[in-house]
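Single-structure report; data block below.
Computed from the coordinates by the stated procedures, all read-outs in this text should not be read as laboratory data. Bear in mind the structure is a predicted one, so any value in this text is a computation, not a measurement. Here the Cβ is made from the backbone with ideal geometry for all residues, glycine too, and neighbour counts use every protein chain on show.
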Amino acid sequence: MMDRKGFLKRSVAFGSVVILPGSRVFGANDRLAVGMMGTGGKGIPNLKWAQRAGCDVVAVCDPDKQRMAKAAEQAGGTAKQYQDFRKMLDDQSIEAIVMSTPHHWHALGTVMACQAGKDVYVEKPASHSIWEGRKMVEAARKYDRIVQVGSQQRSDPALIEMKRMIEAKEIGEPQWAHALWYAKRGPIGKVSGPTKVPEHVDYDLWCGPRENVPLMRKKLHYDWHWRWEYGNGDMGNRVIHNIDDVHHVLQLNDNVPTRMMAFGGRFGYNDDANTPNTEVLVLDGKVPIIASSRNLPMIHPKTGKAVGASVYRRLGKGFRFTTLIKCEGGFFAVTRNGGKVYDDDGKTIKQITGNGGGGHMKNWVDAVKSRNREDLNAEIEQGHLGCLLLHTGNISYRIGQQASCDAVTKQVAGTEEAESIWENTMDHLKSHNIDLAKEQPTLGPWLTFEPKQERFSGEHAEAANALVKEHYRTEFSIPDQV
């Protein structure tokens, strides 16, 4: 492992030097040499997808040596193992990086990979914060790198067809959109003191840009999703797929929402997580957008028992995850692998089939070979703009305060789908015997967002802008000029 002094010396030059690997002209059957950064629950599937897409996995990297060794076996047994990602980036035999790290590493890893002359496939959400996303775009442009975000639904024919139909106004103008993903998740437990980090894990590297503080949860891996320091809650874990769908099919590039609020809470749990298990984002723009996440299970109305994930029942349908676009003449309910178009009475107008976006990694590999970023289905700037819907709404929640149900009702008044989902949320929480007078929801304020500056203005701007950019340890920071 590179010592701290050596890394600090390199950090001084971070952003000033780029070492480009030798360029080569790819033949039709040539394989791309990639390094896997992050080899956990998402890293192994991505490793397999990369191999199928025409990549040779020549290196694997993870602060967890045990996970890294298993990934090396999956890669065929000959892949180099780098516990320290910096050494992997110095390996000139690696042409590109597939990044499946926790969210707090996405931007730093992508920027450094671009500076090292590597193309990048980075998992969703593209970034952990607004500022980071813009730095990723700037790095991709400055170093002419091909950077794809792992929002595979952008490669699903179902969403591409949905986008075409909406653009053609086949069932009229869009009236509102709702991205939802309901998944049953229990509490992560509560510790009375620090959890010992396994000796095979370099915890300092795992923390990276975040402070190296004692591990105050039972599990190091995966449960980081439910801590704001490292993850973005289930809104940034699951719902981001459908949030990105809304950005994609409505083509919001120059028309991202400029007003947003949020409400929710971590109801019924007493654990070490600090992200909500119930959350709704309300984004006000040309087309109002709702995003909702729910982790408490559905309670069966007859037996009173938990029976898995809750469902969305408006419009006469029960959905656990989908992308809803309500138009003048009906609505779309389409997500990965497809869905349907309905009229206002809930009758099927059209079946739309998909494939889950199975060609998404191949799309990236093909673009690396063509050197044309316009070939990408989820180019980093699209990933960043889609993440604005996530981050701006989450910021409202994070600066929010506990409030009465009447206060939430008053604040969502006038936005049709927000009113409906709030009523449904209250019913769902009451089915769990949650007393909302005692366990009050968190209500985030309405914020005003300036898309060109990617900053907030007006009331509550100071508190909101404090979360646009995070704090970084010096040796793991992204420079203003990438």
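Computed from Cα atoms, the angle from the helix 416-431 axis to the main principal axis of the chain rounds to 90 degrees. For the chain, the residue among M261, G38, I349 whose Cα projects farthest onto the positive side of the dipole built from Cβ charges is G38.
Quote the relative contact order of the chain in percent (integer), defining contacts as alpha-carbon pairs under 8 Å separated by 6+ residues. Could the numbers behind the result be given before it?
Numbers: 1019 pairs, mean separation 90.6, N = 482.
This gives 19 percent for the chain.
So if I take the centroid of the Cα atoms in the stretch 449-482 and the same for the stretch 400-414, what is the distance between those two points in Å? What the calculation gives is 27 Å, centre to centre.
Separation of the alpha carbons by more than 29 angstrom is noted, of K305/K438; K169/K410; K286/K369; K142/K362; K124/K286; K169/K317, for K169/K410; K286/K369.
In sequence order, the stretch 470-475 has phi-based couplings of 8, 8, 10, 5, 3, 6 Hz under the Karplus curve 6.51 cos²θ - 1.76 cosθ + 1.60, θ = phi - 60°, and Gly or Pro positions carry x. Taking the longest Cα principal axis of the chain as reference, the axis of helix 106-115 is set at about 40 degrees.
Based on every Cα atom in the chain, Rg and the maximum pairwise Cα distance Dmax equal 22.3, 67 Å. Between the amide H of L180 and those of S292, T322, L324, distances stay under 5 Å, these residues lying 5 or more places away or on another chain, with hydrogens modeled in the peptide plane.
For a straight C-alpha distance cut-off of 18 angstrom, the aspartates and glutamates reachable from K469 (same-chain residues fewer than eight places away being disregarded) are E132, E138, E211, E229, E381, E450, E454, D480.
When only Cα pairs below 8 angstrom with a gap of at least 6 residues are kept, the stretch 4-151 shows a relative contact order of 22 percent. Helix 240-249 and the long axis of the chain differ in direction by around 80°, with both axes built from C-alpha atoms. Taking all C-alpha pairs of the stretch 4-151, those more than 29 Å from each other amount to 10 percent.
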